[in-house]
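J.: First the structure, which I've put down as structure tokens, then a few questions once you've had a look.
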Amino acid sequence: MNNLLGLVPSILMMASPILICALGGMVSERAGVVNIGLEGLMGFGAFAAATVNVLIEAVMPGAAIWVSLLAATVIGALVSLIHAFACISLNADQTVSGTGINLLANGLTVFFCQIIFHHERTNSFRQGMQPGLGGIYPTAYIAVTLLAIVWYILYRRPTGLRLRACGENPQAAASAGIDVKRLRYWAVFSSGGFGGLAGGCLVLTQTIEYKENMINGAGFIALAAVSFGRWKPKGVTGAACLFGAAVALAIYVVNIPALKALPAEFFNVLPYVITLITLVLFSGKDYAPSAAGQPYEKGSS
Amino acid sequence: MASEKRGFVDALVASNGAMSVLVVVLGFLVGTILVFSVGRDPANMYRAIIQVVSGWDLIRGTWNARYIGEWLVASVPLTLCGLSMAFAARAGLFNIGAEGQYIVGLTVAQFAAFVLPPIPVLHWGAAVVLGLLAAAAWGGIVGYLKARYSVSEVVATIMMNYIALYASRYATSFIPGTNTYKTPSYPVTAQLSNSWLESITNGSRLNYGFFMALAAVLLFWFVMEKTKLGFAMRATGFNKDAARCSGINVERSLTLSMAISGAFAGLAGVIVALGSFSYGRVLAGLDNYGFNGIAVALVGNSTALGTLLAGLLFGMLQSAQPLMQSRQIPKEVTYIISGLVVVFISLRAGIGLVIEARAKAAVRKGAMRNE
Amino acid sequence: MGEKFAIEMLGITKVFPGVVANDDITLRVRENEVHALLGENGAGKSTLMSILFGLYDADSGRILIRGEEARIRDPNDANDRGIGMVHQHFKLVRNYTVAENVILGVEPRTRLGNIDLRSAESRVAALSELYGLSVDPRARIDAITVGMQQRVEILKTLYRDADILIFDEPTAVLTPQEVDELMAIIKRLRDEGKTIVLITHKLREIKAVADRCTVLRRGKFVGTVDVAEASEESMAEMMVGRAVKFRVDKREARPGEVVLKIEGLSVKGAKGNEAVRGLDLEVRSGEIMGVAGVDGNGQAELIEAITGLRRPSAGRILLSGKDITENNIAERVHEGVGHVPEDRHKHGLVLKFRLDENLALKTFGAPPYSGPLGLLDSKAIAAHAEGLIAQYDIRAGQGPATKCLSMSGGNQQKAIIAREIDLSPRLLVVAQPTRGLDVGSIEYIHTRIVAERDRGCAVLLVSFELDEIIALCDRIAAISKGEIVGVVDAKDASEREIGAMMAGLRRAAVPGRAS
């Protein structure tokens, strides 16, 4: 039992980036824009955080972590504007555009690693994020705070009511005088920020540098969490914790003698298998925002 | 005024070929600007590209056919993964699982190389067939899940990619004599290499896979345009509901489409495994042919000829990477160009949607045309 | 002139790609009147009102509201000017409550800036009471009836203090009783000082409630008449440009054996609800059986069960005595079930395919259109299409190679009907065949359906337009809440009686039902 309880900080560490990213995905999809590019946005964020941290950790110890996270958030938000512009203003195919962002991420991040660090990865930083009370990283608190903020805005503020309407029936929102495109821009922009932040959290808590393919599907797992969680904050949180637990188990299995006999790859695969199974069992297409994925054009009925 | 501008855009979009060329040119343009802005010489990028396509080293003034051979070697898996995504796209599916299907084909081929009896021609022939079937099954599963349970193939195939990667690592470790990154060398009969092809390209790795890829392109075109299976798939891809209403078995079409799609990617894996290498590999990461295949299919507009041309184009970019790297151009610029191309292409798909919506709305409004 | 006009739209022109929706139209609506805007499908009425409401921008022309020049760029501008629109296709968020839908965009706030849902609900309740709308502000939209949803649309305009209300084809989705209720509400709104514009193509309603009527035809203004002085016939003639016959010429029906027999059919709808419950019906060869009912009473699910798109949870379907309940769609096509679907773009055609491919959509898998190895014979497919194009007068710019996307609605529907009839079906299921079509196409399609009947086909016609059913059918079955509540002969039927059955208020005999 002790072993399992001891896993909680690790589960939280793994789940936090997934949850943060999933919250962004949820906001974007509730507004009607599917953001497949979250994987790439996490990559951009991770790269930005690692790079900034390496460059300034000597100069401002302690604060460097927070500045890096801020950089990650900003970069993620800025890159998502490409996706937003393509999908919202130019009515691009949202899945294709998002895939393009993912391809760009791998390319651009390592490209700049080569330019800045002359390697195909960033340099290692010396000081990542430090765990706090009980071994729990600050990212967990960040995730919970963001969860509360998102819930409050979505369900208590006029902006949230309008945003959710944009995803369900943008024609209805438009006829009520709401600027659907502007609201969707904000949604995608925020989701980009969340994605970048998630990537930053990932790299600063789980490793010491950024390298190619580091995100390894975490962004897609976050997307699956949105779907599994039925696009509601509570459900998404539960899903993120479940997937985080699977990832945590993969790494910390060495501490559990009974499971040590299984090959390492079994645990590597576990999060993806669980995600796949939940997709099959709980593919709730009826719960998705009705207009998600469709380009919105003024005057079409 | 606005309608005039729209007319030009309509014509541009209508010509898919023009759109593809434009998008590629834009991608290269942005890539060039990027390289320039970080202080590297873009000319090196283009010299590298010219070198792999023509064999001419413009700096040293020498000619070496090996570059052309390697260009074709790189184009083969890209074209096949492009065909994979294109085939699924025609049926309305967004299959980004070519990466995983490729790995499955590769892994099974590696196994077949050691397990099957070393009979000339039949050895690699059987390996190809087994690899195809395994990859088809890998893809078919997703097709079935989609048809039956409406599971999004986008996320499902990504998960299958990673599952394939780790499963491949685990399975390959069972081949006797395997260390952490490679197996022993293949028996000669398992390899796809051909000495004549090697000699005319001055020692490149060009192999039988090249001809298989060409055959695959022809097969793609034939099945899609000339058979009733292709008809059913295209109908399903354009309008699943109408297809179903006409008696077409949509579930079967979707599953078959993903299976065939998987087979194309699997063939790529087999060819790389048995043609480009003389030993099996314990994969450390993704080879990325699958992901770049997405760009290939999109630029090729999911047609047979288009995918072939796009495959050659992206093969050119990929095989130029080592040359670029040696001239201080980070090789990732090719991935950046791919990514930009995909983003730009998404606009075309979106513009197409908008045009269709407008046409439908206009039709609803008027009995005025064609009357 | 010194007259007080609430709305003046002067010289409005609006062009979409390939079609002139509004051609220099002038419309004047007086204060405090009910003004009808009449025209057939495609005449431009909805476009004109969408411009007034700010959903579209006019290419040229001016708008004056109460004498003042107005630039209406979006619905907010329209709302500021007191214009509200009750849309034909409701603009409601299905999983919000009534109150949330009404306040969307103009949410009342608490001091902290949060949504003040309580004050919203009480205001909605008050408005509902004032105008006799009886709507519960807490109800979820997807849980209330269509008639109720329409009242929510009306509430939206009233909440925003609109005094000019535009109703876009409001009665398409209502039972005859609900139509009466709506007419009463419209009169009450006018009595309370509102100005009403009623977009419709239903002449009877115009006579019932409108003061004046403006007629549009093919995007052009035809004339404005005083409704009290005009007859339905004269308005119809203005609408179409020639004398219109209200009845379809047809011979007496000569029904033969029972072709379609449905016994105790139960079908679950998409949301898991019991859409069809214990339904019995018989259709004989050589007759047209109409199914009259308001949208949402199980018609869609009934058609899906007959054609094979949905499995029933109980009951049997027999085609000429053979049980086809378990057959899949391809088998039913083979057995002779033809289907002209309600949504021609969704179920009828693959728009991106060519005309000949669409005409072969059900037959491509077998000879002569494909050979033994699965190879398609494109020449045969094209030749087949040529034949049908000639026979059915389908206007297609490039012949068999025309992309269906570029064909007009009428010709698309002709293509579908050609395809189905060409297979000489034993049973032809037709749903909403003339929705969105011009009068010429409507007449043609009615003629074809009657011809099929005379050939001996059994025709099952499902339509929400009671006029169409009474004009075309030999017998009429009324459907309400998933059951057939009565079958009457068209000759003897009255609209009142059928309307009462549709609303579930009356029952009649259903031949073939085991008692």
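The values are calculated or read from the model by the stated rules, or taken from the named source; none is laboratory data. All of these numbers come straight from a predicted model, not from anything done at the bench. Quick reminder, even Gly has a Cβ in these numbers, built from the backbone with ideal geometry, and neighbours come from all protein chains shown.
J.: Considering each residue of segment C:81-90, count those that are modelled with pLDDT under 90 and surrounded by fewer than 24 Cβ atoms within 10 Å (Cβ to Cβ), and give that number.
T.: Selection size over segment C:81-90: 3.
J.: Residue by residue through segment C:1-52, note down the ones that are charged (D, E, K, R) and either free of Cβ contacts under 8 Å to residues at least 40 places away in the same chain or not in a strand (DSSP E or B) (or both).
T.: The initial filter retains those residues of segment C:1-52 that are charged (D, E, K, R), namely C:3-4, C:8, C:14, C:23-24, C:28, C:30-31, C:33, C:40, C:45.
C:Glu3, C:Lys4, C:Glu31, C:Glu33, C:Glu40, C:Lys45 - these are the residues of segment C:1-52 that are charged (D, E, K, R) and either free of Cβ contacts under 8 Å to residues at least 40 places away in the same chain or not in a strand (DSSP E or B) (or both).
J.: Same structure again: Can you tell me which residue in segment C:94-113 is farthest from the chain's Cα centre (by Cα), limited to those that are surrounded by fewer than 24 Cβ atoms within 10 Å (Cβ to Cβ) and aliphatic (A, V, I, L, M)?
T.: Among those that are surrounded by fewer than 24 Cβ atoms within 10 Å (Cβ to Cβ) and aliphatic (A, V, I, L, M), it is C:Leu112.
J.: Then there's this: List every residue pair whose Cβ atoms lie under 8 Å apart, where the two residues are 6 or more positions apart in sequence or sit on different chains, the first residue falls within segment A:185-209 and is in a loop (DSSP other than H, G, I, E, B), and the second residue, located anywhere, is of a type in the set (S, T, N, Q).
T.: A:Ile208/A:Ser124; A:Glu209/A:Thr122; A:Glu209/A:Asn123; A:Glu209/A:Ser124
J.: Search segment C:334-352 for residues being over 21 Å from the mean Cα position of the chain (by Cα) and surrounded by fewer than 23 Cβ atoms within 10 Å (Cβ to Cβ), and hand back the single one that is farthest from the other protein chains (Cβ to nearest Cβ).
T.: Out of the qualifying residues, it is C:Gly336.
J.: Next question, about the same structure. Just one of C:Glu153, C:Glu129, C:Glu192, C:Glu178 is within 18 Å of C:Glu465 (Cα to Cα) and either surrounded by fewer than 23 Cβ atoms within 10 Å (Cβ to Cβ) or assigned by TED's automatic domain parsing to the domain that holds C:Glu233 (or both); which is it?
T.: C:Glu178
J.: Does any residue of segment A:157-170 turn out to be facing another protein chain (nearest Cβ under 9 Å), crowded, with 18+ Cβ neighbours inside 10 Å, hydrophobic (A, V, I, L, M, F, W, C) and part of a helix (DSSP H, G or I)? Let's see the steps before the verdict.
T.: Let us first name the residues in segment A:157-170 that are facing another protein chain (nearest Cβ under 9 Å), namely A:157-158, A:160-162, A:164-165, A:168-169.
Subsequent filtering for residues that are crowded, with 18+ Cβ neighbours inside 10 Å retains A:158, A:160-162, A:164-165, A:168-169.
Then keep just the ones that are hydrophobic (A, V, I, L, M, F, W, C); that gives A:161, A:165.
Subset that is part of a helix (DSSP H, G or I): A:161, A:165.
Checked against the condition, which is being facing another protein chain (nearest Cβ under 9 Å), crowded, with 18+ Cβ neighbours inside 10 Å, hydrophobic (A, V, I, L, M, F, W, C) and part of a helix (DSSP H, G or I), segment A:157-170 yields at least one hit.
J.: Considering only residues that are in contact with a strand residue (DSSP E or B) (Cβ under 7 Å, 6 or more places away or on another chain) and more than 21 Å from C:Ala330 (Cβ to Cβ), which ones fall in segment B:206-263?
T.: B:Asn207, B:Lys226
J.: Please indicate, with yes or no, whether at least one residue in segment A:39-46 is away from chain B (no Cβ under 14 Å), touching a residue at least 60 places away in the same chain (Cβ under 8 Å) and either on the phi < 0 side of the Ramachandran plot or among the β-branched types (Val, Ile, Thr) (or both). Before the answer, list the steps.
T.: Applying the first criterion (away from chain B (no Cβ under 14 Å)) to segment A:39-46 yields A:45-46.
Right, trim to touching a residue at least 60 places away in the same chain (Cβ under 8 Å) and you get A:45-46.
This time we only want the ones that are either on the phi < 0 side of the Ramachandran plot or among the β-branched types (Val, Ile, Thr) (or both), so: A:45-46.
Yes, because at least one residue in segment A:39-46 is away from chain B (no Cβ under 14 Å), touching a residue at least 60 places away in the same chain (Cβ under 8 Å) and either on the phi < 0 side of the Ramachandran plot or among the β-branched types (Val, Ile, Thr) (or both).
J.: Sticking with this one: Would you please name the residue that is surrounded by the most Cβ atoms within 10 Å (Cβ to Cβ), looking only at residues in segment B:268-304 that are more than 25 Å from A:Glu265 (Cα to Cα) and not small (Gly, Ala, Ser)? Full working, then the answer.
T.: Taking segment B:268-304 and keeping what is more than 25 Å from A:Glu265 (Cα to Cα), we get B:271, B:275-276, B:278, B:292-304.
Restricting the remaining residues to those that are not small (Gly, Ala, Ser) gives B:271, B:292, B:294, B:296, B:298-299, B:301, B:303.
Working: B:Ile271: 28, B:Asn292: 28, B:Ile294: 30, B:Val296: 32, B:Leu298: 30, B:Val299: 27, B:Asn301: 19, B:Thr303: 20.
Here the residue is B:Val296.
J.: Residue check: is A:Val74 surrounded by fewer than 18 Cβ atoms within 10 Å (Cβ to Cβ), β-branched (Val, Ile, Thr) and outside any helix (DSSP H, G or I)? Give the derivation first.
T.: On the way: surrounded by fewer than 18 Cβ atoms within 10 Å (Cβ to Cβ): yes; β-branched (Val, Ile, Thr): yes; outside any helix (DSSP H, G or I): no.
Considered against the rule, which asks whether it is surrounded by fewer than 18 Cβ atoms within 10 Å (Cβ to Cβ), β-branched (Val, Ile, Thr) and outside any helix (DSSP H, G or I), A:Val74 comes out as no.
J.: Output the residues belonging to segment A:121-139 that are under 17 Å from A:Ala46 (Cα atoms) and either in a helix (DSSP H, G or I) or touching a strand residue (DSSP E or B) at 6+ places or on another chain (Cβ under 9 Å) (or both).
T.: Selection gives A:Arg121, A:Thr122, A:Pro138, A:Thr139.
J.: Here's another thing I want to ask about it. Tell me, yes or no, whether segment C:439-457 has at least one residue that is part of a loop (DSSP other than H, G, I, E, B) and surrounded by fewer than 21 Cβ atoms within 10 Å (Cβ to Cβ). Even if it seems obvious, please write down each step before you answer.
T.: So the first thing to find is which residues in segment C:439-457 are part of a loop (DSSP other than H, G, I, E, B), and the list is C:456-457.
Filter once more, keeping what is surrounded by fewer than 21 Cβ atoms within 10 Å (Cβ to Cβ): C:456.
Scanning segment C:439-457 turns up at least one residue that is part of a loop (DSSP other than H, G, I, E, B) and surrounded by fewer than 21 Cβ atoms within 10 Å (Cβ to Cβ).
J.: What do you reckon, is C:Glu465 surrounded by fewer than 22 Cβ atoms within 10 Å (Cβ to Cβ) and in contact (Cβ under 8 Å) with a residue 40 or more places away in the chain?
T.: Details: surrounded by fewer than 22 Cβ atoms within 10 Å (Cβ to Cβ): yes; in contact (Cβ under 8 Å) with a residue 40 or more places away in the chain: no.
Spelling it out, it is not the case that C:Glu465 is surrounded by fewer than 22 Cβ atoms within 10 Å (Cβ to Cβ) and in contact (Cβ under 8 Å) with a residue 40 or more places away in the chain.
J.: Right, something else. Considering only residues that are surrounded by fewer than 19 Cβ atoms within 10 Å (Cβ to Cβ) and either of a type outside the set (Ser, Thr, Tyr) or out of contact with any helix residue (DSSP H, G or I) (no Cβ under 6 Å at 6 or more places or on another chain) (or both), look in segment B:29-39 and name the one that is nearest to A:Ile116 (Cα to Cα). Spell out how you get there, then give the answer.
T.: Applying the first criterion (surrounded by fewer than 19 Cβ atoms within 10 Å (Cβ to Cβ)) to segment B:29-39 yields B:29-30, B:32-33, B:36-39.
Filter once more, so that each one left must be either of a type outside the set (Ser, Thr, Tyr) or out of contact with any helix residue (DSSP H, G or I) (no Cβ under 6 Å at 6 or more places or on another chain) (or both): B:29-30, B:33, B:36-39.
Working: B:Leu29: 22, B:Val30: 20, B:Ile33: 17, B:Phe36: 15, B:Ser37: 13, B:Val38: 10, B:Gly39: 12 Å.
Ranking the candidates gives B:Val38 first.
J.: Okay, moving on. Which residue is surrounded by the fewest Cβ atoms within 10 Å (Cβ to Cβ), if the candidates are limited to segment C:49-66 and must be away from chain A (no Cβ under 13 Å) and small (Gly, Ala, Ser)?
T.: Only one residue tops the list, namely C:Ser60.
J.: Looking at C:Val135, C:Val102, can you tell me which residue is touching a Lys or Arg at 6+ places or on another chain (Cβ under 6 Å) and in a helix (DSSP H, G or I)?
T.: Step by step, each of C:Val135, C:Val102 is checked, and only C:Val102 is touching a Lys or Arg at 6+ places or on another chain (Cβ under 6 Å) and in a helix (DSSP H, G or I).
J.: Starting from residues that are of a type in the set (Ser, Thr, Tyr) and over 26 Å from A:Thr109 (Cα atoms), keep the ones in segment A:204-249 and report whichever is surrounded by the most Cβ atoms within 10 Å (Cβ to Cβ).
T.: Step by step, filter segment A:204-249, then rank; the result is A:Ser227.
J.: Let me ask something additional. For residues in segment C:353-381 being part of a loop (DSSP other than H, G, I, E, B) and surrounded by fewer than 17 Cβ atoms within 10 Å (Cβ to Cβ), which is nearest to the other protein chains (Cβ to nearest Cβ)? Lay out the reasoning, then the answer.
T.: If we filter segment C:353-381 for residues that are part of a loop (DSSP other than H, G, I, E, B), which is where we start, we get C:353, C:360-369, C:371-374, C:377.
Imposing the further condition that a residue be surrounded by fewer than 17 Cβ atoms within 10 Å (Cβ to Cβ) reduces the set to C:366-368, C:371-374.
Details: C:Ala366: 9, C:Pro367: 11, C:Pro368: 12, C:Gly371: 9, C:Pro372: 11, C:Leu373: 8, C:Gly374: 5 Å.
Result: C:Gly374.
J.: Only one of these conditions is not met by C:Leu460: (1) touching a Leu at 6+ places or on another chain (Cβ under 7 Å); (2) in a helix (DSSP H, G or I); (3) farther than 27 Å from C:Glu205 by Cβ. Which number is it?
T.: Only one criterion is unmet by C:Leu460, namely (2).
J.: Within segment C:489-507, track down each residue that is surrounded by fewer than 16 Cβ atoms within 10 Å (Cβ to Cβ), of a type in the set (D, E, K, R) and either assigned to a loop (DSSP other than H, G, I, E, B) or within 23 Å of the chain's Cα centre (by Cα) (or both).
T.: Within segment C:489-507, C:Lys491, C:Asp492, C:Glu495, C:Arg496, C:Arg507 qualify.
Every residue, every condition in (1) at pLDDT below 90; (2) in a helix (DSSP H, G or I); (3) small (Gly, Ala, Ser), yes or no:
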site	(1), (2), (3)
B:Asn44	yes, yes, no
B:Arg47	yes, yes, no
B:Ser75	no, yes, yes
B:Thr79	no, yes, no
B:Leu83	no, yes, no
B:Ala89	no, yes, yes
B:Phe94	yes, no, no
B:Thr107	no, yes, no
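J.: Suppose we keep only residues that are touching a residue at least 40 places away in the same chain (Cβ under 8 Å) and among the hydrophobic types (A, V, I, L, M, F, W, C) within segment B:172-188. Which one would you say is nearest to B:Ala109 (Cα to Cα)?
T.: The selected residue is B:Ile175.
J.: Additional query: C:Ala396 - would you say it is in a loop (DSSP other than H, G, I, E, B), touching a helix residue (DSSP H, G or I) at 6+ places or on another chain (Cβ under 7 Å) and either crowded, with 22+ Cβ neighbours inside 10 Å or within 11 Å of chain B (Cβ to nearest Cβ) (or both)? Walk me through it before giving the result.
T.: Numbers: in a loop (DSSP other than H, G, I, E, B): yes; touching a helix residue (DSSP H, G or I) at 6+ places or on another chain (Cβ under 7 Å): yes; either crowded, with 22+ Cβ neighbours inside 10 Å or within 11 Å of chain B (Cβ to nearest Cβ) (or both): yes.
Here the answer is yes, as C:Ala396 does meet what is asked.
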